[in-house]
Number of protein chains: 4
Amino acid sequence: MHAAQCAACTKSGPAKYGTTNNTHRVLTISICGRPCDSALFLQKGCCTNRVTIKTPVRILFIGDIFGRPGRTLVKEKLSSLAKDQAIDLVLANGENAAAGFGITPALAEELFEMGIDVLTTGNHVWDKREIVDYFESADGNAHSPARRLLRPANYPPGMPGRGVYEGRKRDVPYAVINLQGRVFMAANDDPFRAADHLIKSVKAKIIFVDFHAEATSEKIALGWHLDGRITALVGTHTHVPTADERILPNGTAYITDVGMTGPYDSVIGVKKELVVGKFLSNMPTRFEAATGDARLCAVVVDCDDQTGHAKTITRLMVA
Amino acid sequence: MHAAQCAACTKSGPAKYGTTNNTHRVLTISICGRPCDSALFLQKGCCTNRVTIKTPVRILFIGDIFGRPGRTLVKEKLSSLAKDQAIDLVLANGENAAAGFGITPALAEELFEMGIDVLTTGNHVWDKREIVDYFESADGNAHSPARRLLRPANYPPGMPGRGVYEGRKRDVPYAVINLQGRVFMAANDDPFRAADHLIKSVKAKIIFVDFHAEATSEKIALGWHLDGRITALVGTHTHVPTADERILPNGTAYITDVGMTGPYDSVIGVKKELVVGKFLSNMPTRFEAATGDARLCAVVVDCDDQTGHAKTITRLMVA
Amino acid sequence: MHAAQCAACTKSGPAKYGTTNNTHRVLTISICGRPCDSALFLQKGCCTNRVTIKTPVRILFIGDIFGRPGRTLVKEKLSSLAKDQAIDLVLANGENAAAGFGITPALAEELFEMGIDVLTTGNHVWDKREIVDYFESADGNAHSPARRLLRPANYPPGMPGRGVYEGRKRDVPYAVINLQGRVFMAANDDPFRAADHLIKSVKAKIIFVDFHAEATSEKIALGWHLDGRITALVGTHTHVPTADERILPNGTAYITDVGMTGPYDSVIGVKKELVVGKFLSNMPTRFEAATGDARLCAVVVDCDDQTGHAKTITRLMVA
Amino acid sequence: MHAAQCAACTKSGPAKYGTTNNTHRVLTISICGRPCDSALFLQKGCCTNRVTIKTPVRILFIGDIFGRPGRTLVKEKLSSLAKDQAIDLVLANGENAAAGFGITPALAEELFEMGIDVLTTGNHVWDKREIVDYFESADGNAHSPARRLLRPANYPPGMPGRGVYEGRKRDVPYAVINLQGRVFMAANDDPFRAADHLIKSVKAKIIFVDFHAEATSEKIALGWHLDGRITALVGTHTHVPTADERILPNGTAYITDVGMTGPYDSVIGVKKELVVGKFLSNMPTRFEAATGDARLCAVVVDCDDQTGHAKTITRLMVA
C-alpha cells in the first residue's frame, strides 16, 4: 500500500493499485476506504480521476524454498501475493527445492512457471548432479531459461553456470547477483571483491544481491561495503528470518536473512527428531524434509529505477 | 497489556496494571480507554472495583549488551520499560558489556543496579581476567551478587563460576541456565545433555535458558529438545534479532536470537569500517566498539508460575 | 633385536629370539653373527646355553588400514613382520578398512584373523551402518570378538560400542583406549578428561592409546598430559607418518601420527585426481580408494610390563 | 655425499666436495676413505686428478624457526651445516621467529645475516605490525633485502609484501613461492590457481614452494597438482616433521611438513603446560615460547638446474 493523494478530491490516503503500464501505473485511489475499482470510482464520484503516478519498482525475494512444502506454498501463495502487493519482479533462492538438497532442472522450471523470474542458490547447488548439464545448456544461449538459475558468482572460475543475471522486467533493466560467504563455509573466492567486480560490469541500476552466508558479521559487513552501489543485499542460508531489515544510509536495502520458505515445524527444514538425534549422537543421519507448519518468508523491496536505490524493505511471513 | 473483564461493569478490555501483590496483582481496569489509576477510577465511577487477578509472570530478557552504547541504553530505558511492561524479572546477556569484549565486576554490578536480576554470558566471558576473581568470590557465599553472573554451564568441570542461578522474585522461584553451542564454536561439553542434567536438578518451575550459540540448527534443535521442560530458550551471540519467536507446542517460548543491545550502525557492535577492512585484508585488526544507532533488543515472555509454561513471547526493539 | 650377553661365553651382542614362554623368553644367542637356532648352537658349541632373559613386551600398532590395498598389505606382511620383530601384541586402526570409509563386521573379523588383537577407529566408524549391530552384539558378552573393535571413548554417552578394551596377551594384562580429537573435528566429549577417567578405571599397567585427531597441538598436548600414566599415545587420522616419535620424560611413547596403511600414490588414500579435482572445483565428489604404492605404516613400542613404561618407539614403513 | 668415480684410478666411491665454481664444483675425490684434501691427494698419489664434475644444486629449507631457541640453533648450526652439506641455497620459514608470533624487520635481517637467502612466512606474518612497513620499504626497490621476506602469495590482492621471490645463486636463477592453505585456516584466494599463475610468470627452472597449511590432504593434493612444474613443495605450519618425503613421479620433491626449528620440549613451540592448560580449561591463555630440547628440522633437496627437477629430498633433524 502506498500513501497517495486523490487527484480529484485532494484527500490523502492509502492507494490501491489498479492496472499498471510498465513502471508507470494507473492507480485508482480510494480514500473512503471501501473496496473499490476504477469502475466503482467513476460511479461513486468520490475519486473520479484516473491518475498516472510514477511508482517504485517492487521486488519480492522469497527465502530458501525448502522441499515440497516450500514449493507447494509458493504455488499456492505467489500468484495472489504478487497481485496484492503489486510485485514487479520475483526472485527466490531455490537451492533447497529438491527435498532440501539442491534443485533439479524440472523443479527450476516449475518454479519459473509459478512466476519466479530468477532463482539463486548456494552451497547446495551441486547436490543434484543433473543441474550441471542444465547450467551448461545455457552456454552460448542468452535466452535459455537456464540462464535464470544462478549459482554463487564467487565459485572457482570455470565452474558450470553463472552468478549474475541481467534482464528486463516491465522494460526496466535489473541484475541479480548471487554470492556465497566464506565464514564457517567452504573456501571460495572473496565475495567482497567478486561483488565489486560484478557491480562494475553490470549496466542495470537495479542490482539485487542474494548473499548466501552463515555469519551475521560477514553479511552485515558486505551490506555496508556495497551500500549505495546496489539496490538490496539479502542474506539467505540460515533458514531463520531476521528482524533487522533496514535501508542503509546510502540507499541499499538490507536484511541478514530472509528466512526459509518451507516447514517451520522442523529444524531449518529437516524433521526435527532427526536433527535432535544427530546432535545427541554425532552419528551420520539421513536428513529428510519435514512437512508441518509451512511458511513463506520473503521481503518486499521498493526501489527507484532511475537511481537503483531502495526506498523500503518489508519482511513477510505467510502461512 | 492484558485483556481483562471489569469486575464492576463486566465489560472486557485492555487492563492497566496497578500495584502488585507478589504474582497476584491488584489491577485497576479502565475500559473507557482514558488514562487512569485507581484514584481516578474511584472518582469517575467507571470501574470502581479493585480486583485481584492472577496474572502471568512476565520476564524481560535483554540481548547482548554491547559496550557503553548498550549499557547507556539499558540505563535510559530499562526502568520505564520494566514499569510499562509490568516486568517481574529482568535477565540480560552481558558478555559484551566491556567495550564489546567481556565484562568486569564493576560493570556487572552496575547492570545489577539498573535492575537486571541475572546476567548471562558466553564465549567472551573470560576476556576480562578480573572476572575470574569475581566468580570465585561467590564460592561458598550463596548471597554474593557475583552468584547472579553466569557463564555457560557446559564449560569444562571445575572452571570458575556457575552456569545456573536459582532465585526467587515476587516470591516465585525461578532458575536461569546459561549454555553455549558447539557448532562453529569452541569444543565444550554437550549442551543438550548439560541442559537435561541441570533441568532435573532445578526445583523452580520457571526455567529460562540463554543458549549462546552460532548455528540456527543447534539453537532450534535444543529448543525442540527442551520443549515443555523449560519456560523459554532464547538464543544469543549472533547480535541480530530473529523474527521466529514462537511458543513451541509443549509450552516453551523460543527465539533463535534476541539480537544485540548496542550500536546498530556497526557490524555486530564493532565499528563497521574495521570489520569491512578485516574482511578485505585478512589482517589482524583491533576491533573497537561503534557508537551510532543504539538499540535495545529484547524479548518479553509471559509464563505461568504453576506449570512454568510460557504463554507469549514478544520481540522488542527499542531505540 | 635386543643386545644380550651370552650365558656361555659372556660376550655381548645382538640376540635372536627363539621360543618364548609368556613374557619371559627363552633366547638362543649368537654372538658370532651366523644365522643360528638353538639346534645349531648346541652343535656348534659357540653358545651352548639356553638362557631365560626377561624381555620387554613388544607392541605393533598399524596405522589407518585403508581399503583393499591396506588390507592386502596387512595380510601379506603382518605374519612375517610380527615374527621378525617378535611382536607380542598387534593393534591397528581400522576405520578406513571398507574402501576408505568405515569398517564392516566381516572386515573386522578378517583383520582379527590376520593377527590383529584389537582394532581402533575414529570419525569414520559409523560409515557402514552394520557396525552398530556388531557393537551391540557384544553387549553383555565379554568374550565376543566384537569387543575387540573400539570406537572413540569420548563419544556421547550411550552410543553403541566401547572405547576401551582390557585383555591379556602372553599372560600380561593390557588395555587399549581409543579417543578422538576435537580441534577441526566434530564436537565430542573432552578427550583429556575422558582419558583421565579411563586410565583410573583400568587395571592393566600397559595402556596403549590411539588418539584419532587432526591438530598436532591437540595430539602433542594430550601426550604430555598423559606422560607417565600410559605406555604409549599414538596419533592417527592425518594418514601421514610423522618423524617425531619419542619417549616422553616420564615413560610414555609418543608419535603425532603413525601414518596410513594403504595406497600412497593417492591423497591420503583417495585417488589423487579426485581430490585435486575437488580442491579445484569445490564440487561434491565421490571419493574412491586409490590402489598404487601400498605401504604399511606402523610403530613398534617396547615396554616394561611391571611399570607400563615404554622403552623404545620405532617407526616402520613397509612397502 | 655424492658417489663419484675417481678420474685417476677409476674406482668409485663417496666424493668429498672441495672448492666450488658456481654450480660446477672442483671435487677432490678420496676413494681410500681417509680424510683428504687436494694437497693430500697429490702427495699420496691415490687420486691425483682434480676433476670438474657437474653437481646438482642443493637447497636447504629450514622449517618454521620458532622464537629465540630456534634462532639460536640456526645461528649455531647453519654455517657448518651449509658447509658440510655443500648447500647452495638456504631457505627458511620465519613466521614464528619473534617469540613464536610473527617476525620483525630486525629479526628478518638477523636471519639473512646467518646465511638464509629467502624467508617465507604464513598466517602469523602480520603478528608484528612493523613488518608492514618493512614490506612496503621494498616497493619499487628490487634490491631491498625486504624483498627476500615473503608472505603467502594467495593473500588478498593489494596486501603489503609479495609471495614470490626470483633471484640467482651461484649464477643459477631460482624462484621461491610462498602459499597458504585454506582448509582449517583463514579464507584466502585459491592456492592451487595462485600457484598455476605464479609458475607461469616465473622464468627460473628451479621453483621452490613453501605451502603453509594445516590439512595433509590439501598439501598432498597441491604437491600432485604441481608435480613436474616445480622443483619442490614443502609443507610448513604444523610444526611436526613428517616422514613422507619423496620425489613425485614427474620430478617434484615433496614433504607434508618440514617440522619446526625450535623447542621440542613444548607443544608446537609453546610451553607445554600452557597449552595443556588451555585444552583443559578453554580459557584464553597467553602463550609463551618454550625453551627446551631445541631442534632444527629441515630438508635438503638436490635438483637439476637445467630441468628444475628434484633428484633427492632428505629430511634432517639437528639437535
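Brief remarks follow.
- Among the residues listed as B:ALA253, B:ALA298, B:ALA294, B:ALA290, the single one being more than 14 Å from A:THR242 (Cα to Cα), in contact (Cβ under 8 Å) with a residue 24 or more places away in the chain and in contact with a Leu (Cβ under 7 Å, 6 or more places away or on another chain): B:ALA294
- Top-ranked residue in the stretch B:110-134 [being surrounded by fewer than 22 Cβ atoms within 10 Å (Cβ to Cβ) and outside any loop (DSSP other than H, G, I, E, B); ranked as nearest to the other protein chains (Cβ to nearest Cβ)]: B:VAL132
- Of all residues in the stretch D:287-319 being within 10 Å of another protein chain (Cβ to nearest Cβ) and of a type in the set (D, E, K, R), the one that is nearest to the chain's Cα centre (by Cα): D:ARG315
- Pick from the stretch B:66-89, criterion touching a helix residue (DSSP H, G or I) at 6+ places or on another chain (Cβ under 8 Å) and either open to solvent by less than 10 Å² (accessible area, probe 1.4 Å) or assigned to a helix (DSSP H, G or I) (or both), ranking: nearest to B:TYR174 (Cα to Cα): B:VAL74
- Every residue from the stretch B:155-175 that is at the interface with another protein chain (Cβ under 10 Å from one of its Cβ atoms) and out of contact with any helix residue (DSSP H, G or I) (no Cβ under 7 Å at 6 or more places or on another chain): B:TYR155, B:PRO157, B:GLY158
- Candidates C:GLY167, C:GLY140, C:GLY223, C:GLY161, filtered to the one that is in the same structural domain as C:GLU109 (by TED's automatic domain parsing), over 30 Å from B:ARG182 (Cα atoms) and without any contact (Cβ under 8 Å) to a residue 40 or more places away in the chain: C:GLY140
- The requirement of being within 14 Å of B:TYR254 (Cα to Cα) and either open to solvent by 20 Å² or more (accessible area, probe 1.4 Å) or free of Cβ contacts under 8 Å to residues at least 12 places away in the same chain (or both) is fulfilled nowhere in the stretch B:186-203; no residue meets it.
- Which numbered condition D:ALA99 misses (of (1) within 19 Å of D:MET317 (Cβ to Cβ); (2) open to solvent by 10 Å² or more (accessible area, probe 1.4 Å)): (1)
- In the stretch A:244-262, the residues that are β-branched (Val, Ile, Thr) and buried (at least 21 other Cβ atoms within 10 Å of the Cβ): A:THR252, A:ILE255, A:THR256, A:VAL258, A:THR261
- Counting only strands (runs of 3 or more DSSP E) that fall entirely inside the stretch B:176-259 and contain at least 1 residues that are within 11 Å of another protein chain (Cβ to nearest Cβ), the qualifying elements are B:232-236, B:253-255.
- D:ALA195 vs. criteria closer than 20 Å to D:ARG151 by Cα, of a type in the set (Gly, Ala, Ser) and touching a Leu at 6+ places or on another chain (Cβ under 8 Å): yes
- The requirement of being touching a Ser or Thr at 6+ places or on another chain (Cβ under 6 Å) and either at pLDDT below 95 or over 21 Å from C:VAL74 (Cα atoms) (or both) is not satisfied by C:ALA146.
- Residue count for the stretch D:267-286 under the criterion of being within 10 Å of chain C (Cβ to nearest Cβ) and in contact with a helix residue (DSSP H, G or I) (Cβ under 7 Å, 6 or more places away or on another chain): the result is 8.
- Of note, A:PRO152 does not satisfy the criterion of being of a type outside the set (Lys, Arg), open to solvent by less than 20 Å² (accessible area, probe 1.4 Å), within 14 Å of another protein chain (Cβ to nearest Cβ) and without any contact (Cβ under 8 Å) to a residue 40 or more places away in the chain.
- Test: residue in the stretch B:174-182 that is farther than 27 Å from A:GLU273 by Cα and in contact (Cβ under 8 Å) with a residue 12 or more places away in the chain: yes
- So C:VAL234, is it of a type outside the set (Gly, Ala, Ser), in the same structural domain as C:THR72 (by TED's automatic domain parsing), under 13 Å from the mean Cα position of the chain (by Cα) and over 23 Å from D:GLU214 (Cβ atoms): no
- Any chance C:SER266 is of a type in the set (S, T, N, Q), modelled with pLDDT of 95 or more and in contact with a Lys or Arg (Cβ under 7 Å, 6 or more places away or on another chain): yes
- C:ALA106 vs. criteria open to solvent by less than 60 Å² (accessible area, probe 1.4 Å) and assigned by TED's automatic domain parsing to the domain that holds C:ALA204: no
- Summed over the stretch D:286-303, the residues that are open to solvent by 40 Å² or more (accessible area, probe 1.4 Å) and touching a strand residue (DSSP E or B) at 6+ places or on another chain (Cβ under 9 Å) give a count of 5.
The values are calculated or read from the model by the stated rules, or taken from the named source; none is laboratory data. A quick note: this is a predicted structure, and the numbers were derived from the prediction, not measured. Reconstructed Cβ throughout: ideal geometry from the backbone, glycine too, with neighbour counts over all protein chains shown. We work out accessible area using only protein heavy atoms, side chains counted, and drop any ligands, DNA or RNA first. Shrake-Rupley method; radii C 1.70, N 1.55, O 1.52, S 1.80 Å.
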